[in-house]
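Data first, discussion second: the structure below is written as structure tokens.
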Amino acid sequence: MAELASDGSSPDVGLLYDINGLAKAAPPWFDRVMEFTGEYGIMLAMVLVVLGCWWSVRRRGSLADSVSSVAAIVWAPLAAGIALLVNIPIRGFVERPRPFVDHQGLEVLVGGKTDYSFVSDHATMAMALAVGLFVAHRRFGLAAIGLALAEGFARVYMGVHYPTDVVGGFALGTAVALLLAPLTPVLLVPLVGAVARSRRAGVLVRSRRAAPSPARPGAVGIPEPRLGGPAGGGERDLAA
């Protein structure tokens, strides 16, 4: 499998040269910006989007809505971690070298990449996080998906991945986030509900400034929440 898309005449390689060619034409300062953005910046922005979504959902809706929505948000980074673990055997099986190993004339913005190229870890993690967040909250999820697409473009621009590495990462991240999402109400909702009942940690699930909820946690616990309930902004969020 190491010869995957190694033919210089393939559309994959052609698109690689087209996108990476933008780095050659760009001024050095812009390439430095893209280097930081593609390696760290976009992922940091993704974390901020997740935190913004969490801050929003814990201040709106009923207590049951907050529990289910926060549980869905917690699933997003878990999905990214699981997707990265799934990618480990895939990379070892395919054994595809980095594009700069087989193709000359690329503008490589980040050195020291000695591992295999397929599937892109950054693209996998970004899309799993974005799709997981989309399940929890449509508006924040769309913003995260936009960042994930930008991450994929940046990895090819930097000369460290083929376009199909990125597409494969998007597919893997999406599959993990969606296929395992039904585990959220089974595993995460009870856990988040227990946190919500805590006097000290409950603020992580429900803001003290939120409107009083008619569903009060009592001896029998919090009523069964609906995953993907009202998460804010009057929007209708997707059910997991």
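The values are calculated or read from the model by the stated rules, or taken from the named source; none is laboratory data. Being a predicted model, the structure only gives us computed values, none of them experimental. A quick note on method: Cβ atoms are made from the backbone with ideal geometry, for glycine too, and the neighbour counts reach across all protein chains shown.
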Per-region count, region 117-164, residues among the charged types (D, E, K, R) and either in contact with a Lys or Arg (Cβ under 7 Å, 6 or more places away or on another chain) or farther than 20 Å from residue 36 by Cβ (or both): 2
Looking at this structure, is residue 56 in contact with a Leu (Cβ under 9 Å, 6 or more places away or on another chain), at pLDDT below 90, in a helix (DSSP H, G or I) and polar (S, T, N, Q)? no
Can you report the number of residues in region 88-134 which are within 15 Å of residue 173 (Cα to Cα), in a helix (DSSP H, G or I) and touching a helix residue (DSSP H, G or I) at 6+ places or on another chain (Cβ under 9 Å)? 16
Pairs, please: C-beta under 6 Å, at least 6 apart or cross-chain, first residue over 14 Å from residue 69 (Cα atoms) and in region 116-140, second aromatic (Phe, Trp, Tyr) and modelled with pLDDT of 90 or more? 123/170; 127/170
Flag if residue 25 is crowded, with 18+ Cβ neighbours inside 10 Å, at pLDDT below 90 and of a type outside the set (S, T, N, Q): no
Just one of (1) within 29 Å of residue 30 (Cα to Cα); (2) hydroxyl-bearing (Ser, Thr, Tyr); (3) surrounded by fewer than 24 Cβ atoms within 10 Å (Cβ to Cβ) trips up residue 162, so point out which. (3)
So for region 114-125 (the condition being more than 30 Å from residue 26 (Cα to Cα), surrounded by fewer than 18 Cβ atoms within 10 Å (Cβ to Cβ) and not small (Gly, Ala, Ser)), does at least one residue qualify? no
Any idea which residue in region 165-197 is surrounded by the fewest Cβ atoms within 10 Å (Cβ to Cβ), counting only those that are part of a loop (DSSP other than H, G, I, E, B) and out of contact with any Gly (no Cβ under 8 Å at 6 or more places or on another chain)? 182
Between 31, 65, which is modelled with pLDDT under 90 and over 19 Å from the mean Cα position of the chain (by Cα)? 65
Quick check: is even one residue across region 215-237 modelled with pLDDT of 50 or more and within 26 Å of residue 129 (Cβ to Cβ)? no
Of these, 132, 146, which one is under 15 Å from residue 53 (Cβ atoms) and modelled with pLDDT of 95 or more? 146
When you go through (1) surrounded by 14 or more Cβ atoms within 10 Å (Cβ to Cβ); (2) modelled with pLDDT under 90; (3) in contact with a Lys or Arg (Cβ under 8 Å, 6 or more places away or on another chain) one by one for residue 1, which number turns out not to apply? (1)
Can you confirm whether region 202-209 contains a residue that is crowded, with 16+ Cβ neighbours inside 10 Å and either of a type in the set (Lys, Arg) or in contact with a strand residue (DSSP E or B) (Cβ under 6 Å, 6 or more places away or on another chain) (or both)? yes
